[in-house]
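Here's the structure, in structure tokens; my notes come after.
The values are calculated or read from the model by the stated rules, or taken from the named source; none is laboratory data. Keep in mind it's a predicted model, so treat the numbers as computed, not measured. We place every Cβ from the backbone using ideal geometry, glycine too, and count neighbours over all the protein chains shown.
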Amino acid sequence: MQENGKERRQMKEDKDDDFFSEEDDELFGEHLLRFLVKKYPNPDRIGCPDTGIIRDIAFRRKVTPENLGKVTSHILKCSECIWDALAYVEEYRKTKKESEE
Ligand SMILES: [Zn+2]
């Protein structure tokens, strides 16, 4: 516990006054996902939901709360679905950016 606090302070000192920038935020997310991807390999895709639902969530489309809960809790324990979700989020970001420009 003490080690953790030390590390956090160290990180803060290295960062100047800047709070988490958008890039940092994304980097952090990527590191976290890489960790998850390594941790939960599921090559046989056991218990995976329909990829269409993952896509709907990534695209911020309406899904039933039941599906949302089921899929998000599954994704956090399934590397394959994390990759799918990442690809869809990337796709969503691109389409969103294009419509904004
Ligand atoms: Zn899965």
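Data table
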{"read-out": "Any chance PHE35 is more than 13 Å from the ligand (Cβ to nearest atom) and touching a residue at least 12 places away in the same chain (Cβ under 8 Å)", "value": "no"}
{"read-out": "Any hit, segment 40-61, residues being touching a residue at least 40 places away in the same chain (Cβ under 8 Å), out of contact with any Pro (no Cβ under 6 Å at 6 or more places or on another chain) and over 24 Å from GLU22 (Cβ atoms)", "value": "yes"}
{"read-out": "Residues of segment 71-101 classified as touching a residue at least 24 places away in the same chain (Cβ under 8 Å) and either under 11 Å from the mean Cα position of the chain (by Cα) or within 15 Å of the ligand (Cβ to nearest atom) (or both), total", "value": "14"}
{"read-out": "Residues of segment 64-90 classified as among the aliphatic types (A, V, I, L, M) and more than 21 Å from GLY29 (Cβ to Cβ), total", "value": "0"}
{"read-out": "Check on LYS39, of a type in the set (Lys, Arg) and at pLDDT 75 or above", "value": "yes"}
{"read-out": "Residue in segment 38-70 that is nearest to ASP84 (Cα to Cα), counting only those that are within 16 Å of the chain's Cα centre (by Cα), surrounded by 15 or more Cβ atoms within 10 Å (Cβ to Cβ) and among the aliphatic types (A, V, I, L, M)", "value": "ILE54"}
{"read-out": "Segment 78-97, residues that are at pLDDT below 90 and either charged (D, E, K, R) or exposed (fewer than 12 other Cβ atoms within 10 Å of the Cβ) (or both)", "value": "LYS96, LYS97"}
